[in-house]
Structure formats: C-alpha cells, structure tokens
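The values are calculated or read from the model by the stated rules, or taken from the named source; none is laboratory data. Because the structure is predicted, anything quoted here is derived from the model rather than measured. Glycine gets a Cβ as well: all are built from the backbone with ideal geometry, and neighbour counts include every protein chain shown. The protein model used for the area step is the full one, side chains on, heavy atoms only, and it has no ligands, DNA or RNA in it. Shrake-Rupley method; radii C 1.70, N 1.55, O 1.52, S 1.80 Å.
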4 protein chains.
Amino acid sequence: MAVPVANPQPPFNITRASHVVLTARDLEASRAFYADVLGFVASEVADDALYLRGLEERNHHSVVLRRSKNPAVGALGFKLASEEELDKAARYFGERQIPHRFVQKPFQGRTLAATDPLGMPLEFYFAMDQLPRMLQKYGVYRGAKIQRIDHINCFTPDVQASHDFYNEIGFRTTEYTAAEGSGELWAVWMHRKGGVNDIAFTNGFGPRLHHIGVWVSSITDIIHICDVLATTGFLKSMERGPGRHGISNAFFLYLRDPDGHRIELFTSDYLTVDPDHEPIHWDLLDPTRQTLWGAPAPKSWFEEGSLFPEVAIREPLLKAKPIVAP
Amino acid sequence: MAVPVANPQPPFNITRASHVVLTARDLEASRAFYADVLGFVASEVADDALYLRGLEERNHHSVVLRRSKNPAVGALGFKLASEEELDKAARYFGERQIPHRFVQKPFQGRTLAATDPLGMPLEFYFAMDQLPRMLQKYGVYRGAKIQRIDHINCFTPDVQASHDFYNEIGFRTTEYTAAEGSGELWAVWMHRKGGVNDIAFTNGFGPRLHHIGVWVSSITDIIHICDVLATTGFLKSMERGPGRHGISNAFFLYLRDPDGHRIELFTSDYLTVDPDHEPIHWDLLDPTRQTLWGAPAPKSWFEEGSLFPEVAIREPLLKAKPIVAP
Amino acid sequence: MAVPVANPQPPFNITRASHVVLTARDLEASRAFYADVLGFVASEVADDALYLRGLEERNHHSVVLRRSKNPAVGALGFKLASEEELDKAARYFGERQIPHRFVQKPFQGRTLAATDPLGMPLEFYFAMDQLPRMLQKYGVYRGAKIQRIDHINCFTPDVQASHDFYNEIGFRTTEYTAAEGSGELWAVWMHRKGGVNDIAFTNGFGPRLHHIGVWVSSITDIIHICDVLATTGFLKSMERGPGRHGISNAFFLYLRDPDGHRIELFTSDYLTVDPDHEPIHWDLLDPTRQTLWGAPAPKSWFEEGSLFPEVAIREPLLKAKPIVAP
Amino acid sequence: MAVPVANPQPPFNITRASHVVLTARDLEASRAFYADVLGFVASEVADDALYLRGLEERNHHSVVLRRSKNPAVGALGFKLASEEELDKAARYFGERQIPHRFVQKPFQGRTLAATDPLGMPLEFYFAMDQLPRMLQKYGVYRGAKIQRIDHINCFTPDVQASHDFYNEIGFRTTEYTAAEGSGELWAVWMHRKGGVNDIAFTNGFGPRLHHIGVWVSSITDIIHICDVLATTGFLKSMERGPGRHGISNAFFLYLRDPDGHRIELFTSDYLTVDPDHEPIHWDLLDPTRQTLWGAPAPKSWFEEGSLFPEVAIREPLLKAKPIVAP
C-alpha cells in the first residue's frame, strides 16, 4: 500500500515545521517584499541576513534570507519538543548512518544539521530566542497580515521514498495524490502540528523546494494582497491564484519573491490531530484536486523550484503528468 | 472626440437598468440554478415563465425566463421616473422614427417597446407590482445572496454608434477602452443610477447580450458561491474569475446559466453621481484593464453571447483585439 | 400624514451630501486620527486647516477641519448639479427670505452659504478642485479604508419641520421612525444620491450635528478598525458598535474624534433610486430598529452632539423616548 | 506560583476535547436551532437523542442532546490517542482512587466514565464511528457553517484545583487571569490540540458548564449568523457579542440554546503547539481582557451556567469580581 499507517512511536518528537533559510541577492528588495508588502515582521535586519517572523510568532524567525549571488535554499528547519529530543535525533541519524552534526545558528540553541535520504538539508533545534508576539498589535498589521509559517513543500524525484522517511520520523499523512492505474504516490501531505501539512512532496525534478506556505487568517486578507501587489509594482510576482485547493481545502495565493522563491499564502484548512484520521485519496487527473474551481495551475508552478546548493537534481521516477494550464 | 460630454437634458428620464427577459429551455433547471444555487428570490414560478428578483428588490422581477426551444434574449428593460416620462419616450422615438409601441407585460404597468439603432429590443415602464423586500429576511439568504440587478452588458458591432444613442437618451460614461493608436472606442460603460454602469458595450459580433450584472454585497459571498458551484455539479458554469476588474474596480465572477446566458456577480464599484465625474480612459492592451491582477479572460468570454431573435448580427467595425488567455 | 410624497420638481438640483466643515483644537491630533488610523487621504495639511477625502473621492475634500479653541461645526456642504443650479438655489432662498450669500471657499468654485429654517449653516457649490482618486492605489490603503462621505445626521428639536424643508428642496425619505400612538415623526432618513440617506434627523436638543457617515467597502474593514483602535490608544474613541442597524440595514461603527465629533463608519445599505420607493416605517420602541441584533445604543449616543456656533439649541417638541442602554 | 510548568509526561495521552452530552426538553426545537439555524450537521435524529457534528468532523458526534425534563450536562468527552491510552487512564484513576468505570455509549468504542476532583462527569474513548466529512459539500453549508467543536469552558469554585488536575493529566496553559494583588488564579485556558484551549475554567459557583466553544472559519460567518438569528425569531438567544476577546484573540458570539445551554461561536485564535509557549498573564480588571474593544460582558454571562445532575454546587473560594456591564 502506498500510504502505510502512521508511526505512533517516532524515534524523536518533532513539533512542527519551524523555519526556512533562503539565500537572496538583494536583502533590501527582500525586506521590501516580505515586510512592507506582504506583512511579515522583521525581527533582525542585518547586513548579510534578514530574519522574519509572522504576527503571532514568538520564535525569533520563520524565514531567514542570507545574502548570496546565487539564490538557493540553505536549510529546512524543524522545532523539536525538548533538548532531549535533539539527542534522540542525533542518535537516530547516527544509527541510520545519515550525515549529521551539531552546528551554531544565530538566535537558536543547540542545532542539529542533517540531510534527508534525498539530499535535503534539515536543521533541528528546540530553543530559539523569543520575541514579543505582535498578534494584538493591530496597528502594525500590513499587507496580507502574515500570521506564521505553516508548511514546507518540496519537489522530489521519488515521492514514495520521501514519504517513507518522513513517515518513519513521525509525520502523518493527511492527503495524497495517486497516479491513475498504478496507484503510485504522486504527491503527499504530512503533518506534525495538527493541520494538513508541515511538509509535502510533489513528483518532479528534485530535490528542490517548491514553496513555503505561510498562514494568513482570512480569505479577505488574500484578496486584499492581490489588489496591493497588482498596483504597487508586484504584478509579476503573482503566479497562481487566488483559489481554493481541492486538496487541503485551503484558500491559496502563490507568489514568487524577488529571487524567484515561491511563497504560498494559505488559510482555512482543517484540524487533523485525531490519530485515526484517515488520509484522503485524490486522483491525479481529478480537475478539482489542484483547484476546487477547476482552473489548472500554470506550467511554471509545476516546473520551477528553488535549488539546494551542491545537491544533484534527479529526474522523477514517476512519469504521470498532472493537468497543466495551456 | 470619442467620449463627448454627457447630455444634461435627455429627452426622457430613465432611472436605471431594471430587468432582462431571457428565454430558456427548461424552467425548472433555470429555477434550480438562479434560486436554489445563486440565491435569487423566485417571485413567480409559472408553467411558461419564471420571475426572479434580488433580496433587496421590491420590483416584482429583474430577471424573467420564458420557456422556449431556442434560448435568446427577449428584451432589455429600463425603469423610467414617472408615467409622463413614458409619454416623452414615445414622443422621442416617434420623432426619431424609431420603431416603438405600447405593449402589455405581466406585472408591469404601461410598457413601451422600442428598438435601439443597432436592433436591440428595449422596454420602458414606470410601474411594476411591488413585493416585500427580503433584505432583512436573512433566513432566506442562499448561495451568493443576490441583492439586485446592476447592469446589462452587450456586444455591439459599432461601439461608437451604440454609445452615441445611449448618451443622447441620458446615459453618462464612467469608463471606456480605446484602441491604441486610433483612439477609437472599443468598449464603454454608461450609467443612470450612480454606479459604474447600467449599460455597457464591448466591440464584437452583435448586437448580442454579453451578460447581466447582478449586485452582491461582498467579496466573501462571491468566494462562497465558487465553492458551492464547484461542489454541487455546476463546475462547468464557472467561466471566469473570481477576480478584480481594473475597469470599474469591481470584484467579479462570470457564470453561464443552464442555457448559456452569462451572469456576472458584481460588487465594490464606486459612486458616480457627480455630474462633473470625468470618464476614465483605459488602453485596450493594458493587462490590468480586464483583471487588475493580470489574468486575461478566456476566449469564450470574448466570443460568446446571447442572441436577440430575428436581429441580424454584424461583424464589428473595429478590428483591434484584446489580450486573450491562451 | 407624517411622510408626504417626495417633491418631484425641487427648486434646485442637489446631487449629494458633499462635505462637512468642523473645527478642532489640535490639527495634528485630527490628522493622526483621520488619516493614519481611520484611513482618510489628506488632500491638504495646512497650518490652520486640514482637508481630507476618501479613497474613491476626486473632490478635493469631504471633511474639513479648521483650527479653533472651541470644537464645533462650521458648515454642511452639498454639491449641486451645475452652476445654474446655484443661481436657482440663490433665487429660491431669496424668495423664501432665507438668509444666504455667495462666499469664497478654498478649493471650491462659487459657493452659496445659507441657513436652514432651524438654523443649520449650509453651503452649496458645483465646482471643486479635482484630485487623483486613490481607489486603485491599494498600497496606500490604511485602517478602515475610508471610501467616501455618505451622509450627515443631525439632532433637531422639530423633526417634522426639518423633514418638510429638506423634502421641499428635493430630499426623498427612505425610512422613518414614528412615535407609538401619535405617529409623530421621531427620526427620518432622506436622500438625493440613491442610498438610504444624504441627510437624516433625530429628535433631540438641536440643531446639532449628530454624526458624519462615511462609507467603507466591507464589514471586515469595520471589524479590523475596531482591533486597530483598541490596540493603538483609541479604545475610548469607540462609542457604539460594531453592529447592524435595523434602519437602513447598514453595518456600523460609531467613533468620537479627538474633539468629540462623531463619525459613523457605514456600509451595506441599499439602492433607493426608484421614484416609487415606499418609505419604511419603524416604531420607536422596536428593539431591532436601532440595532437589528437588539443591543440598545448608549446614552451618550442619544444625548451628545456637535454644536453650530451662535445657533441656539432648543428642546425637542416631541417627548417620546427611545430604548437606551442601562 | 499560580501557573506551574506543563506536565511533559502525562499519565495518559488525551488528543482533544471531543464532545459534550447535554439534556434538552424538546429535541425538535434543539434540532431546529443547532442544525437549521446554526449549521451543525445532524448525524442521527432519534426519538430520545440528537447527535450533531460540524462540517469538517468525521467523528459521529461532537454535541449530543438527550431528551429530559431537566436540562443539564451529561458528560464532557475527550478523545484519547489509542485504545492503550484508555487502559492507562483507567489505571491512573484507579491509583488516584477517582471514581471511574467502563461504560457503553452509542456510536463509541470502549468508553471510560470518570469524575474529576470537583465532580464534573468526564468520558474518555478512542474509537468513534466515522461519517463522511462535509467540509467540501459546500451545498449543505448553512447559518454559521459550524466546522467543529473547539473547547469546553466551565465554572469552578476553585480555579487552582481545577487547573492542577487538568495540568497533571497533560493540559497545557496558554493564558490565564489573575486577581490583582493576590495573583490568585481567576480563570485559565488549557489545551491539548494546539489551539488556545480544549478546556477552560472561570471562577464562580460550580462546577457548572459555562459554554461549549465551536469553531467557525471566519468572522463574516459570525456576523451573518447574527443577522439570521435576529430575523428568524432567535433574537433572545444572542447573549453577548459579536466581539474580539483580548484573551485568546478569538472573535466570538455567545448564544443560548433553547434550553439555556451556552454556545460560543469562535474563530481566529492562534497556534500553541510549541512546548516552550509561555502562558499569557491578564489582570482581572484589564478592560480589554474580556473584549479587546472594551465592552464588558452582561451579568448573565458571569452568573448563569448549566448544571451537572447530582453534583453539588459550591461557592467560589475567590471573591474578586470582574467588570460587568451595568
């Protein structure tokens, strides 16, 4: 079976997707886009790095942008439940002979860097500097009023292999897409925190980052940011949407930041904490899967993504194709 | 100049676009679509005709569907300011030697039928049966919570000629699209009631009805009806949107009814009652004109429309083309 | 009968309520409140006056604040349909022996100042400087995203007399409140532009300005400004609401500006352009009249208002009392 | 210290607040209120019981109403993470000598009934019949579009004692109110599922149920149900709100069902899954605590609640008083 039962006793306890480290060519352009336009809060604006958080977040950062000539993805970050879980994680990776080491990261406590079986750079930590939450500082709300990071979505050349690793370390599948006929896994959404996903995988040249999903609190916030983007010089940053996903039921808007990294504004999925929550199956060619309203995604959305430096990209094993806008 | 000054002393006083008479093949299918799904109120469900009104409307009907094997448009209805204005209208059409006559229409007082210079069948009246408004009967709200008819939009082979006639009888231009270079009128929006339009014209094979615009009170009502349509068997009725028009600033969704007649759900335009309100000029190839967010309309939206029976369609004089989705 | 038929041939043609001139003690405090917090656009910030307009307004101003030690109301402004209508207005006031004279007002063309029978200072004009509309400059939207002025609401000691004068000059009644038993007019809403009101009167010590109503485009904008006001030091400026009026069906929030002038944020009333639009009768003691949801207004809302300088206040003729919050 | 550190190793694993069993005098009146008006889905309509669930819920029921002449609360239900956790729970209650026994409940698997130290009847289970989720059956959405149960809120005569028990069995405090001066706990919000609360306690005569909180997906759904309730004969069921809580940041509306049980419609709190999430302290007399916008709750809201049959009510230990509307 493509989607096995969730692992009730994972080797270490991951709380949630916590942050993403990206590189960017012009941090002032990044700051303008993420903070002034989208409405992230800037926790730290330094010469070589920009640290952002959402309005409800107390963790110092959920998006980090480091200056670089070649935009790419530095790391995908996950918060663990305690310091002891970090040691359990190190032990797990050691036993599996997966590359890992403790590293220093600004504003974070002990941080374990590791690589997943497909080559994606991960970082795990428990402690991060805490900053005042801005949730009830309504006077500083701007743009789409970004609340918090929600999830990380990646291209993988082998959805089944990616699924199997994250399933083993405790992520639970909520929805998945299977190729017609073979039933092979074409995409999968997996969570720790009780929403539809903390991490998701789509079949494609990979590993690459497809997008970061950030939570906003209402559909009207997403409609408003469309109007703002379209009339403040960011028309070209609007890649797809707004629309309603069949998968996850989320209302979405996909944007490309000044370096081409993709950001999804995301709201209105559902609670998935029940351990007996049965994963939902979608056929790859169901037109309401991508967008409940039937509009297919553009080609760029299926083909473009952000690279992990020094990680070779492989062709996807699965050749089945989704419905793409002409 | 393409857009002359509005006529401050029109020959008779039109209050607003009031109703449209369509023909339909299956009135029960029409009733299900308009009343059960979209949320119109059914004022009268007869064997050969269906009369609909919006939640705030006291006039007996704003959309009439008559049974017929060949779906088409029976008449475009306008409410005048008084019975005397009807006589003035008859006199005006007589002087201009435009075909016209007084006719009997159910639920309406004296009604003057006439034909505009391009062949569109019009009907003018002052008195219509009044029914209770349902605006504060929130328990009967359904679907998109249709509030009232807003406007009528037509294809015309000669936008300048259509404009000139409606300008003469008192419609005032709020926005218009001109072809690049020649500056010729490609589309025009004209009003009586103080919004962006009561009637609008687009260059194309015509005369044909492009759509009826109906007012809804919020963007969230439009998003909700997308979800309802997509999951109750009406996915194919969703032709374009939701989106924000550059022109009119309205938030829109275009639907096709069971007979292919096009309905626009429409909200958030602006007040235009000031007599010195300067019309807004748009270039035909401005990508934000159609949709502020840059997404072009599908081909069907530019090419398909509802016929007026026994009215010959002519090729448009103007050959300039808009941006069409691939 | 309390509410006579509207006057179809008024002596001059008023387009709409256009602006209000207030006096304020600290113009910087006023600017912060109206522009930074509420989201008005500042058209002119001068040493002794502040001119504000809404996002969709092209007229130079709809709210004017002049510096003064004693906050009061300078004038209630109405836009006429043309320069000739100004001369007709002067003739009308002359014939009625009502005080009037042409005055110079910054940013306005010829302006006729007059006084209504109860002593309220009015000003009529046709031409005003035009500024770019900001409706599609979504990047400058702030706070409640004020769109435009909607109406002016006043206390009067004699609702019937106020009604009769404004009815004569062309305002049409859409809704009214009558005292139980006697049926005497207790409040009345009257319009020119096709909404529920351009001017309204409530029984009370007067004449005084009760509030200026400004249009916002959605309920969610009103909810958001509540959160902003409550968390940026303006908690005390929130006097009543948010809520839904039974009368007018509008969604409302009442605020007090830094000088105590009352502002209503207002949305979702309905179209009233039909000449045969029957006024709606409300009983004074109907609990859903004030607020559809049943919550009575606070005492301050019924008792406090802004003075017209040098105009004596009279006790109301009618002694009937509304439902007031304990 | 009033709020100790959360228990990282609770004796058994509770997933979330799952359901409430109430008694009601007229199940058809209950069905009309909960299903037709509010928008719950009726899973089972039997002669002596009514089972309801929200649109996204697959569990058979989250609200159960049993016929009885004396409206009261039958049980507060919690879902555990597995069948083994049920046995651990039985062991825990046995060791603590807390009354408990396995019982049969319709549509549920093995169910453990127990009583908390203050006398509240609890039931724990893992398995419940699963029904199709209606989340994407938008055609059946009605009223406030109830999504799911969110939390249970109770009066207790000893907030500290209630807190201590639920803290021991794994609930984590997110926010709390302390009396000025003494710092004694006056109210506390505690969760398992990653929102602000699964269970909350307020100082008062108790134990009694204060309310069930049910999740809706947007503020506009709450505004709409106010309009529906006010105009369909349910005006008196509206007890408090709509408004924004300072505590939890939730947008709320409090209703009383036909038997007086209190229901809170609730949306827009925040994610609390981080184990190092610091509880937020509120002063009892902070006016923005109850309602961010400053409006105090009515007396009934502080004084009335639903009884647990055969459980004696005690006077609260703490005498400090909140701000109550006059």
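Close Lys pairs in chain D, defined as Cα atoms under 28 Å apart and 8 or more places apart or on different chains, number 20. Counting Lys and Arg as +1 and Asp and Glu as -1 over every other residue whose Cβ lies under 15 Å from the Cβ of residue B:102, the net charge comes to 0.
Comparing mean-square fluctuations of A:147, A:97, A:290 from a GNM of chain A with C-alpha springs under 10 Å, the top value falls on A:97.
Estimate the FRET efficiency between residue C:315 and residue A:36 by the formula 1/(1 + (r/R0)^6), using the beta-carbon distance for r and 51 Å for R0, to the nearest 0.05. Calculated value: 0.40.
Restricting the trypsin sites (Lys or Arg not before Pro) of the stretch C:244-326 to loop positions (DSSP other than H, G, I, E, B) with no more than 11 neighbouring Cβ atoms within 10 Å leaves C:319.
Counting only DSSP beta bridges with both residues in the protein assembly as shown, the antiparallel share comes to about 70 percent. Nearest-to-axis residue in chain C, judged by Cβ distance to the rotation axis that brings C onto D and given in whole Å, is C:326, 3. The contact residues of the stretch C:251-275, meaning those that lose at least 20 Å² of 1.4 Å-probe accessible area when all protein chains sit together rather than their chain alone, are C:270, C:271, C:273, C:274, C:275. Centroid-to-centroid, using Cα positions, the stretch C:108-180 and the stretch B:79-156 are 30 Å apart. With a Förster radius of 35 Å applied to the C-beta separation of residue C:95 and residue C:48, the computed FRET efficiency comes to 0.45.
Along the stretch C:92-101 the Karplus relation, 6.51 cos²θ - 1.76 cosθ + 1.60 evaluated at θ = phi - 60°, assigns HN-Hα couplings of 4, 5, x, 4, 7, 6, 8, x, 6, 6 Hz to successive residues, with x for each Gly and Pro. Taken along the Cα-to-beta-carbon direction at a fixed 7 Å, the label points for residue B:129 and residue C:84 span 4.2 nm.
Taking amide H as placed 1.01 Å from N in the peptide plane, the amide H of residue A:77 sits under 5 Å from that of A:18, A:19, A:20, A:21, A:123, each at least 5 places away or on another chain. Residues of the stretch B:7-41 whose accessible area, computed with a 1.4 Å probe over protein heavy atoms, drops by at least 20 Å² once all protein chains are present relative to their chain alone are B:15, B:16.
Stokes-Einstein at 25 °C, 0.890 mPa s, Kirkwood radius from Cα pairs: D for the protein assembly as shown in µm² s⁻¹? The Stokes-Einstein estimate is 74 µm²/s. Rounded to the nearest 20, the Cβ-based charge dipole of the protein assembly as shown about its Cα centre (Lys and Arg +1, Asp and Glu -1) stands at 0 debye. With the helix formula -39500 (n - 2.57) applied to DSSP H stretches of n ≥ 4, chain B reaches a computed 222 nm mean residue ellipticity of -4000 deg cm²/dmol. When a 1.4 Å probe is rolled over the protein heavy atoms, the share of accessible surface on the protein assembly as shown that falls to carbon and sulfur comes to 53 percent. Ordering B:40, D:107 by accessible surface, largest first, gives D:107, B:40; the 1.4 Å probe counts only protein heavy atoms, with every chain in place.
Within chain B, antiparallel bridges make up roughly 70 percent of the DSSP beta bridges whose residues both belong there. Taking springs between alpha-carbon atoms closer than 10 angstrom, which of A:233, A:294, A:77 fluctuates most in the Gaussian network model of chain A? Its mean-square fluctuation being the largest, the pick is A:233. Rounded to the nearest whole Hz, the Karplus-based 3J(HN,Hα) values (6.51 cos²θ - 1.76 cosθ + 1.60, θ = phi - 60°) of the stretch B:106-121 follow the sequence x, 6, 10, x, 3, 10, 9, 8, 8, 10, 7, x, 9, x, 6, x, with x at glycine and proline. Farthest toward the positive end of the dipole of chain B, out of B:313, B:100, B:130, is the Cα of B:130, where the dipole comes from beta carbon charges about the Cα centre. Checking every one of the chymotrypsin sites (Phe, Trp or Tyr not before Pro) in the stretch B:121-208 against DSSP loop status and a limit of 10 other Cβ atoms within 10 Å picks out no site at all. For the stretch B:147-196, heavy-atom accessible area (probe 1.4 Å) falls by no less than 40 Å² from the chain alone to the full protein assembly at B:193. The residues of the stretch D:107-215 present an accessible area of 24 Å² per residue when probed at 1.4 Å with all protein chains retained. Interface between chains B and C: roughly 2700 Å² of accessible area buried, both sides summed (probe 1.4 Å, protein heavy atoms only). Distances, shortest first, from the label point of residue A:233 to those at the same position in the other copies read 3.1, 5.2, 6.0 nm; the point lies 7 Å along Cα to C-beta. Net charge in the neighbourhood of residue A:129 (other residues with Cβ under 15 Å of its Cβ; Lys, Arg +1, Asp, Glu -1) is +1. Taken over the stretch C:191-326, the percentage of Cα pairs per 10 Å bin, counting from 0 up to the bin with the maximum distance, is 11, 38, 38, 13, 1.
Residues whose amide H lies under 5 Å from that of residue A:60, counting only those 5 or more places away or on a different chain, are A:129, A:131; hydrogens are built 1.01 Å from N in the peptide plane. Residues in the stretch D:253-264 carry Karplus couplings, in order, of 8, 9, 10, 10, 6, x, 9, x, 4, 9, 10, 9 Hz; the curve used is 6.51 cos²θ - 1.76 cosθ + 1.60 with θ = phi - 60°, and Gly or Pro positions show x.
Rolling a 1.4 Å probe across the protein heavy atoms gives the stretch C:273-326 an accessible surface of 55 Å² per residue. In the stretch A:248-326, which GluC sites (Glu not before Pro) fall in coil by DSSP and have 10 or fewer other Cβ atoms within 10 Å? Sites meeting the loop and neighbour criteria: A:310. In the assembly of identical copies, residue C:29 has its label point, taken 7 Å from Cα in the direction of the beta carbon, separated from the corresponding points by 4.6, 5.3, 6.7 nm (ascending, one decimal).
Report the FRET efficiency, 1/(1 + (r/R0)^6), for residue C:68 and residue C:115, where r is their Cβ-Cβ distance and R0 is 22 Å, rounded to 0.05. With R0 = 22 Å, the Cβ-Cβ based efficiency is 0.65. Only beta bridges with both residues in the stretch A:103-247 are counted; by DSSP, about 85 percent of them are antiparallel.
For residue A:240, enumerate residues with amide H under 5 Å from its amide H, sequence gap 5+ or separate chain, H modeled in the peptide plane. Here the answer is A:254, since their amide H atoms fall under 5 Å of that of residue A:240.
At a threshold of 8 angstrom on Cα-Cα distance, excluding pairs fewer than six apart, so keeping six or more, what relative contact order does the stretch D:201-268 reach in percent? Across the stretch D:201-268, relative contact order equals 36 percent.
The charge dipole of the stretch D:174-326, taken about the Cα centre with unit charges on the Cβ atoms of Lys, Arg (+1) and Asp, Glu (-1), comes to about 380 debye, rounded to the nearest 20. To the nearest Å, what is the center-to-center distance of the stretch C:285-307 and the stretch B:22-57, using C-alpha atoms only? Distance between centres, Cα-based: 39 Å. When chain C is treated as a Gaussian network with alpha carbon springs shorter than 10 Å, the biggest mean-square fluctuation among C:143, C:94, C:181 belongs to C:181. In the assembly of identical copies, residue D:91 has its label point, taken 7 Å from Cα in the direction of the beta carbon, separated from the corresponding points by 2.1, 9.9, 10.0 nm (ascending, one decimal). The mean sequence distance of close C-alpha pairs (under 8 Å, at least 6 residues apart), as a share of the length of the stretch A:1-148, puts its relative contact order at 29 percent.
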